[in-house]
Amino acid sequence: MNIVGFINGIASALVILIMLVLIKRRRGISNYNQLDERQKAVRGSIALHSLIFGGGLLIISGVIFEGTGSRLFTIGTQNLLIIALVSIFFVLESVLRGAYFGQGFPQKRLRLFKILGMVYGLFTALQIVNIVKGKIILIQEGVFTSAGVEFFSYIWVVVLYGLILWGWSRGYKEN
């Protein structure tokens, strides 16, 4: 049994449970992370840029993988990669343009991001150690293995949480 995968499954279930509880609690709060008019307009343009970026990635994926016959990724892995890149693009542009955090962003939620970032950072570090030791194979016969996709998912989550925390510290220093 892969203990890291088991722990990741438990952690993911806890994250989903915590998110559901937070969403249920948030419904009663009227001023939760309110965006001003400028931030809403910027978010709209960021969403447009993200859709264009995602469409461009789909075209590039189609040209590379269908046109050349290369099969480094399965279709599911390609889709996961595109979703990851688009979500990172959205968060990064939102943070850089000052449209991610609104007024009333709760400190408790930021603590949750810190804790989750540390947990997934630990999982990623453990995976890197196992990769270096040769216990985990990322690519086999030219195709990403399930362990490779799992490792990529860890990196994706760590990058997203890192960007959110970086954006918070950047906005805190400017204000």
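Each reported figure results from applying straightforward, stated rules to the coordinates on display, with no laboratory input. Since the model is a prediction, treat every value here as computed from it, not as a measurement. FYI the Cβ positions are ideal-geometry reconstructions off the backbone, even for glycines, and counts take in every protein chain you see.
What to note about this one:
- Cross-link pairs Lys108/Lys133; Lys24/Lys114; Lys114/Lys135 - those with Cα-Cα distance over 26 Å: Lys108/Lys133; Lys114/Lys135
- Listed by Cβ neighbour count within 10 Å, with the fewest neighbours leading, Ser50, Ser169 appear as Ser169, Ser50.
- Ordered by the number of other Cβ atoms lying within 10 Å of each residue's own Cβ, fewest first, Thr124, Thr74 fall into the sequence Thr74, Thr124.
- Compared with the alpha-carbon gap, the fully stretched path from Gln107 to Met19 is longer by 30.2 nm at 0.36 nm per residue.
- Dipole magnitude for the chain: computed about the Cα centre from +1 point charges on Lys and Arg Cβ and -1 point charges on Asp and Glu Cβ, it is near 800 debye.
- Projected label distance in nm at Leu35 and Leu165, using a 7 Å step from Cα toward the beta-carbon: 2.5 nm
- Using the Cβ-Cβ distance between Phe89 and Thr145 with R0 set to 41 Å, the FRET efficiency works out to roughly 0.95.
- Relative contact order [Cα under 8 Å, 6+ residues apart], segment 34-174, whole percent: 31 percent
- Within a Gaussian network of the chain (alpha carbon springs, distance under 10 Å), most fluctuating of Val157, Val149, Val132: Val132
- Prolate/oblate/rounded label for segment 34-174 (Cα gyration tensor, a/c 1.5): oblate
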